[in-house]
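Taking it in order: structure first as structure tokens, then the write-up.
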Amino acid sequence: KAAIGALALKQVPIRPENFATTLSGVYYPQGVDKGVLKHIEEAGVIVAGGLHPAIREQYFRVGHMGAVTGNDVIATVAAIESGLARVGYKFEKGSGIVAAQRGLT
């Protein structure tokens, strides 16, 4: 969750007290659509499109339940950063990874 915030991405739901512990719903940034998912997958991680009928085309899902290690978290964030960079989203490269690492220590 910290990594998503560091990348200036908004989450579903908006209020942190309502965040799920097993899943992150991440809104696509302005100018980015579900095409970014293939780039994230090419970087080695599979995330899923949205399910909620009213906003399904506006967000993607990142699962983080079960046997998830710190390395899994870092790899996932790195793949998301890579995918976003490939579609032209402007952010400080590595900012999500650093935030994730801080959260893991």
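The values are calculated or read from the model by the stated rules, or taken from the named source; none is laboratory data. These numbers were taken from a predicted model, which means no experiment stands behind them. Every residue, glycine among them, receives a Cβ derived from its backbone with ideal geometry; neighbour counts consider all protein chains shown. In case anyone asks, the SASA skips ligands and DNA or RNA and just uses the protein heavy atoms, side chains included. Shrake-Rupley method; radii C 1.70, N 1.55, O 1.52, S 1.80 Å.
Residues in the stretch 86-96 that are open to solvent by 40 Å² or more (accessible area, probe 1.4 Å) and part of a helix (DSSP H, G or I): how many?
Adding up the residues that qualify gives 1.
Going through the stretch 19-45 one residue at a time, which ones are at pLDDT below 95 and β-branched (V, I, T)?
Hits for the stretch 19-45 are T21, T22.
Do you know which of the residues in the stretch 1-18 that are farther than 15 Å from H52 by Cβ and surrounded by fewer than 17 Cβ atoms within 10 Å (Cβ to Cβ) is modelled with the highest pLDDT?
The extreme case among them is A8.
Go through E92, E42, E57, E81 for me and flag whichever is over 15 Å from P29 (Cβ atoms) and among the charged types (D, E, K, R).
E42 is the lone residue from the list that is over 15 Å from P29 (Cβ atoms) and among the charged types (D, E, K, R).
Could you check, for the stretch 52-70, whether at least one of its residues is modelled with pLDDT under 95, in contact with a helix residue (DSSP H, G or I) (Cβ under 6 Å, 6 or more places away or on another chain) and assigned to a helix (DSSP H, G or I)?
Yes, some residue in the stretch 52-70 is modelled with pLDDT under 95, in contact with a helix residue (DSSP H, G or I) (Cβ under 6 Å, 6 or more places away or on another chain) and assigned to a helix (DSSP H, G or I).
Return the only residue of V87, V77 being under 17 Å from L37 (Cα atoms), under 11 Å from the mean Cα position of the chain (by Cα) and touching a residue at least 40 places away in the same chain (Cβ under 8 Å).
V77
Of all residues being surrounded by fewer than 16 Cβ atoms within 10 Å (Cβ to Cβ), of a type in the set (A, V, I, L, M) and in contact (Cβ under 8 Å) with a residue 24 or more places away in the chain in the stretch 33-74, which is nearest to G94 (Cα to Cα)? Just the residue, please.
M65
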